[in-house]
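Asks: One structure is given below, represented as structure tokens, and several questions about it will come after.
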Amino acid sequence: MTVPASKAMWQIRNTRPGRRPPRQRYAWETLADDQLLSLRFCDLKLAIDGTDLEQAIERLYGELATRGIRFRPHCWLSQEWFSPDGIPGIAIPFYLAHQRLISIERRLMREVEGGNRNWLMRILRHEAGHAIDSAYRLRRRRYWRGVFGPASLPYPDTYRPRPGSRRFVQHLGAWYAQAHPTEDFAETFAVWLKPNSAWRREYLGWPAFAKLECIDELAAEIGDAKPLVTDRSRIEDVAEETSTLRQHYERKLSRYRMPRRSGADELLLKVFTTAPRSRRAPRAASVLREMRNPLRQQIVRSGAFSEYLVHQVLRLMIERCESLNLFIAGPRRELKGHLLWVIAHLAESFEERQLPRVAL
């Protein structure tokens, strides 16, 4: 582990194989949500040692070793997922260090990035790609630039993905590899690193296949070599953060500004009506509430938008349907397709006004 070890009872090597590590207890675990949100990050005294995160990081190190890579990115707890440019390490969201904090994150944000083992490992592999890029200065190589493009390109405020493109691998969802050359590399590395990855079969015939072969060649080259960059800094370490959890979530929620209501109204009036043909016509808000879960699940499964965003879009749609007193206009069998279109349009409108995170 790159994170300093604490007492031996918390060390993973002292636990039986396959067993969860003993959980450290904190006085704040039993606080009400409002009291917990008033605490400063530094007062939580969080650590990776003795948590499921420790096992996940060891699993990542094992995957790197299996692929013949000696480098081990150091990890620390921060407010978000990221790997800083020039520092070959991985910042992991604080909430993943404790179930009590996971519950707060889920209640406020509707989803927990990395909240299950599979999702956690996918993100760790992606961030390990960024860390290895920094450790060996891969982006400076002509070969790297020829395959992925120049890393010096400005990171865009928005990007319009091409879902059908075979020039990019598919890993984290939302076609994230298309955001920037550095994300393309990290996503491709994650697909390559996954244990028992069938990339040679799954991507055969795709232009993205050449990128995976590039990763394979670079990994063989750097393999046992010492990293060129050994900076062990921890950027935005929560152990030194004096802001409160409440301030963190207020900032985080403020970034999720919803589309203007007038834009939502215009789209809803294409699907619903203010003048129903019959007194028995169902109210649009009631039907939306009935269909909310299957609509949300179908869009989230596509990987195009986050569950939090879809949830907020649906809340806005129900609110506007009630305010405008809208009713079903046509046959219900056609309604689901129309509503999926409205949700996707509103979600895309929202995302185009946001700044994508560089490190995920």
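The values are calculated or read from the model by the stated rules, or taken from the named source; none is laboratory data. Since this is a predicted model, take the numbers as computed values, not measurements. Virtual Cβ from ideal backbone geometry, glycine too; neighbours counted across all protein chains shown. The area values use the complete protein model at the heavy-atom level, side chains included, leaving out ligands, DNA and RNA. Shrake-Rupley method; radii C 1.70, N 1.55, O 1.52, S 1.80 Å.
Asks: Which members of region 320-360 meet the condition of being at pLDDT 85 or above and not in a helix (DSSP H, G or I)?
Replies: Within region 320-360, N325, L326, F327, I328 meet the criteria.
Asks: Oh, and also: Return yes when A97 is open to solvent by 50 Å² or more (accessible area, probe 1.4 Å) and small (G, A, S) and no when it is not.
Replies: Against the criterion (open to solvent by 50 Å² or more (accessible area, probe 1.4 Å) and small (G, A, S)), A97 does not qualify.
Asks: I want to confirm something. Restricting to region 33-84 and keeping residues that are assigned to a loop (DSSP other than H, G, I, E, B) and among the β-branched types (V, I, T), which single residue is most open to solvent (accessible area, probe 1.4 Å)?
Replies: Across region 33-84, the extreme among qualifying residues is T51.
Asks: Still on this model: Can you tell me which residues in region 32-88 are under 21 Å from Y249 (Cβ atoms), in contact (Cβ under 8 Å) with a residue 24 or more places away in the chain and small (G, A, S)?
Replies: Within region 32-88, S38, S78 meet the criteria.
Asks: Can you tell me which residue among G146, G129 is in contact with a helix residue (DSSP H, G or I) (Cβ under 7 Å, 6 or more places away or on another chain), more than 29 Å from L245 (Cβ to Cβ) and at pLDDT 95 or above?
Replies: After ruling out the rest, the residue left standing is G129.
Asks: Turning to a different aspect of this structure: So how many residues does region 231-263 have that are assigned to a loop (DSSP other than H, G, I, E, B), over 21 Å from S83 (Cα atoms) and modelled with pLDDT of 95 or more?
Replies: 2
Asks: Criterion first (open to solvent by 30 Å² or more (accessible area, probe 1.4 Å) and closer than 30 Å to S134 by Cβ) does A239 satisfy it?
Replies: yes
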